[in-house]
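Have a look at the structure below, then the notes.
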Amino acid sequence: MRIRPAAPGNLPALQDIERAAGAPFRDVGMAEIADDEPPSLGMLERYRRAGRCWVAADGTGRPAGYLLAEPVDGALHVEQVSVHPRAARRGVGRALLEHAAGRAREEGLTALTLTTFAEVPWNAPYYARLGFRVLPPDGLPDGLRRIVTEEAEHGLARWPRVCMRREVPPAGC
């Protein structure tokens with residue numbers, strides 16, 4: 001897989017990836033998540049134009065996964081990372097996160113952060129294996145607290161969620 005910035009023509013494929021990646025949530029009793037609409041083309045384009053939408057492309061150049069991120073509280077916040085099930089368990093998500101960590105380092109940001117479902121095996125437990133740690137809910141910085149509030153308003157708080165952080169060492173360390 002090659003990680004690269006998303007091209008404008010990739011955006012509909014990213015929506016397809018999101019729909020496919022959401023389907024397994026149905027198997028863990030989270031049909032509402034499986035049925036949730038993917039990010040709009042307009043939202044994906046905003047991330048792409050800002051240079052914050054990367055795809056993992058297969059040998060044919062077709063996206064197999066993608067990551068959206070934005071700076072929040074001095075860290076690069078992973079807004080979304082999704083991998084098509086046909087590419088699952090091949091290190092695609094890990095490669096996208098490593099790319100994001102490299103970008104964070106280049107920008108002088110200190111960490112990667114994300115919010116995720118605490119009890120879904122391919123969410124918080126997966127990120128913990130990649131070096132993320134759960135942040136205490138009462139000590140969240142303002143930006144993450146705002147994101148958690150917005151997610152709750154969208155109905156995501158129906159299932160246990162956590163904020164996680166992974167430090168990004170400065171270049172040369």
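Only one of Glu45, Glu37, Glu32 is at pLDDT below 95, of a type in the set (D, E, K, R), over 20 Å from Leu130 (Cα atoms) and in a helix (DSSP H, G or I); which? First the steps, then the outcome.
Numbers: Glu45 fails: at pLDDT below 95; Glu37 fails: in a helix (DSSP H, G or I).
The unique qualifying residue is Glu32.
Could you please give the count of residues in region 1-45 that are surrounded by fewer than 15 Cβ atoms within 10 Å (Cβ to Cβ), of a type outside the set (Asp, Glu) and on the phi < 0 side of the Ramachandran plot? Walk me through how you get there before you give the answer.
Of all residues in region 1-45, those surrounded by fewer than 15 Cβ atoms within 10 Å (Cβ to Cβ) come to 2, 4-5, 7-9, 12, 16, 23, 26-27, 29, 31-32, 35, 37, 40-42.
The next check asks that each one be of a type outside the set (Asp, Glu); those that pass are 2, 4-5, 7-9, 12, 23, 26, 29, 31, 40-42.
Then keep just the ones that are on the phi < 0 side of the Ramachandran plot; that gives 2, 4-5, 7-9, 12, 23, 26, 31, 40-42.
Within region 1-45, residues that are surrounded by fewer than 15 Cβ atoms within 10 Å (Cβ to Cβ), of a type outside the set (Asp, Glu) and on the phi < 0 side of the Ramachandran plot number 13.
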* To do: Scan the helices (runs of 4 or more DSSP H) fully inside region 83-173 and keep the ones with 3 or more residues being over 20 Å from Ala21 (Cα atoms) and in contact with an Asp or Glu (Cβ under 9 Å, 6 or more places away or on another chain).
  => 142-153
* Cross-chain or 6+ apart pairs with Cβ under 8 Å, region 143-161 first and at positive phi, then in a helix (DSSP H, G or I) and of a type in the set (D, E, K, R) -> Gly155/Glu32
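Does Glu70 meet the test of being touching a Lys or Arg at 6+ places or on another chain (Cβ under 8 Å), closer than 23 Å to Ala118 by Cβ and free of Cβ contacts under 8 Å to residues at least 40 places away in the same chain?
Judged against the criteria, Glu70 is a match.
One line per residue, one yes/no per condition, for (1) within 16 Å of the chain's Cα centre (by Cα); (2) in contact (Cβ under 8 Å) with a residue 24 or more places away in the chain; (3) closer than 27 Å to Pro121 by Cβ:
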position: Ala21; (1), (2), (3): yes, yes, yes
position: Val28; (1), (2), (3): no, yes, yes
position: Glu32; (1), (2), (3): no, yes, yes
position: Asp35; (1), (2), (3): no, no, yes
position: Pro39; (1), (2), (3): yes, yes, yes
position: Ala56; (1), (2), (3): yes, yes, yes
position: Arg62; (1), (2), (3): no, yes, yes
position: His77; (1), (2), (3): yes, yes, yes
* Structure fact -> Filtering region 105-119 for residues that are crowded, with 19+ Cβ neighbours inside 10 Å and under 19 Å from Ser82 (Cβ atoms) leaves a count of 6
* To do: Can you tell me which residue among Gly61, Gly51 is in a loop (DSSP other than H, G, I, E, B), closer than 18 Å to Ala6 by Cα and either modelled with pLDDT of 95 or more or in contact with a Leu (Cβ under 8 Å, 6 or more places away or on another chain) (or both)?
  => Gly51
* If you check Gly51, Gly91, which single one turns out to be over 22 Å from Met164 (Cβ atoms), small (Gly, Ala, Ser) and surrounded by fewer than 20 Cβ atoms within 10 Å (Cβ to Cβ)? -> Gly51
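The values are calculated or read from the model by the stated rules, or taken from the named source; none is laboratory data. Everything numeric in this text was worked out from a predicted model, so none of it was measured. Please note: Cβ atoms are built from the backbone with ideal geometry, for glycine as well, and neighbour counts cover all protein chains shown.
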